[in-house]
Amino acid sequence: MPRDTDNGEGPQGPKHVAIIMDGNGRWAQARGRPRLFGHHAGARRVREVVEACPDLGIKYLTIFAFSTENWKRTQVEVAGLMSLFRRYITKETRALKERGVRVRFIGDRVRLDPKLIDLMDRLEKETAHNDLVHLTIALNYGGRDEVARATRRLAEDVAAGRLKPEDVDEETLPRYLDTCVLPDPDLVIRTSGEARISNFLLWQSAYSEYEFIDTLWPDFTAAELERLCRNYGRRERRFGAVGS
Ligand code: FPP
């Protein structure tokens with residue numbers, strides 16, 4: 001039976017962790033293997049990290065799987081990643097359902113293969129009743145693209161008279177974002193030693209804490225996630241106010 005996430009690390013731990021899973025290519029190259037070998041190793045880490053969430057009190061996990069810029073990679077790598085996503089969904093559906101994980105996808109679906117979209121839709125539907133961990137997979141996602149798409153829909157509502165321009169504020173706009181049902185991330189982690197956010201959750205991470213760590217994603221473990229959650233618990237988040 002899935003447990004509730006509200007235990008152990010408790011109220012001080014991050015409820016929503018977002019991860020930029022970087023370093024798969026370098027991890028593979030260091031072993032003299034093709035980049036896709038690293039992506040496959042990275043996919044296995046996703047499973048370990050999702051399984052660690054309940055014990056760490058993480059209710060929401062959002063992972064950056066494919067960015068709107070990743071189309072610029074070689075055709076072989078892009079096709080290999082798309083095939084990996086199809087395989088991951090097919091292979092993991094049962095375990096995700098049984099472990100109480102609700103899966104959502106964010107990003108623009110228009111450029112994705114219809115077969116992949118169908119699998120994504122089905123996984124979302126089949127896990128829609130779960131509530132232990134909310135796993136959001138960002139696929140063909142870019143923060144600027146998301147804000148642009150949201151603004152387009154918002155403008156349509158204004159043009160149709162469903163929304164008044166003077167009612168557009170910080171509360172209204174996020175309702176149009178892909179993440180509208182999710183809380184903002186408390187902690188954003190990027191692996192592989194790069195200190196950039198690369199167009200990930202631009203609006204949502206305005207007040208997030210960041211951890212940039214050297215570990216390459218295929219080497220990332222549940223123990224490291226636990227260490228980062230502890231660090232987070234020691235930080236004081238002020239949201240622009242004066243500290244206590
Ligand atoms: C960045 O590493 C990683 C990606 C662009 C792909 C992330 C995908 C996975 C971890 C695969 C599995 C995901 C799911 C949801 C099944 P990089 O290739 O940029 O590495 P590099 O910086 O060392 O070249």
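Every read-out reported here was derived from the displayed coordinates using simple, explicitly stated rules and does not represent laboratory data. Not measured: the values here are computed from a predicted model. Glycine gets a Cβ as well: all are built from the backbone with ideal geometry, and neighbour counts include every protein chain shown.
Just a few scattered comments:
- Among the residues of region 130-166, none is identified as within 24 Å of PHE85 (Cα to Cα) and free of Cβ contacts under 8 Å to residues at least 12 places away in the same chain.
- Here LEU187 clears all of (1) crowded, with 21+ Cβ neighbours inside 10 Å; (2) touching a helix residue (DSSP H, G or I) at 6+ places or on another chain (Cβ under 7 Å); (3) closer than 26 Å to VAL78 by Cα except the condition numbered (3).
- Residue that is nearest to VAL188 (Cα to Cα) [pool: residues in region 64-85 that are in contact (Cβ under 8 Å) with a residue 12 or more places away in the chain and not in a helix (DSSP H, G or I)]: PHE64
- Assessment of region 135-144 against the conditions (outside any strand (DSSP E or B), in contact with an Asp or Glu (Cβ under 9 Å, 6 or more places away or on another chain) and surrounded by fewer than 16 Cβ atoms within 10 Å (Cβ to Cβ)) yields no matching residue.
- Checked against (1) within 13 Å of the ligand (Cβ to nearest atom); (2) surrounded by 14 or more Cβ atoms within 10 Å (Cβ to Cβ); (3) over 21 Å from TRP217 (Cα atoms); (4) not acidic (Asp, Glu), LEU36 passes all but a single condition, namely (3).
- Restricting attention to region 212-244, the residues being outside any loop (DSSP other than H, G, I, E, B) and over 18 Å from ASN24 (Cα atoms) number 10.
- Residue list for region 50-78, restricted to those being touching a Ser or Thr at 6+ places or on another chain (Cβ under 9 Å) and within 10 Å of the ligand (Cβ to nearest atom): ILE63, PHE64, SER67, GLU69
- For region 145-180, a tally of residues being outside any loop (DSSP other than H, G, I, E, B) and over 20 Å from THR62 (Cβ atoms) returns 12.
- Any chance ARG102 is touching a residue at least 12 places away in the same chain (Cβ under 8 Å), of a type outside the set (Val, Ile, Thr) and more than 12 Å from the ligand (Cβ to nearest atom): yes
- The residues of region 86-110 that are of a type outside the set (Lys, Arg) and part of a helix (DSSP H, G or I), listed by number, are TYR88, ILE89, THR90, GLU92, THR93, ALA95, LEU96, GLU98.
- Screening region 13-30 for residues that are away from the ligand (no atom under 12 Å from the Cβ) and assigned to a loop (DSSP other than H, G, I, E, B) and picking the one that is surrounded by the most Cβ atoms within 10 Å (Cβ to Cβ) gives PRO14.
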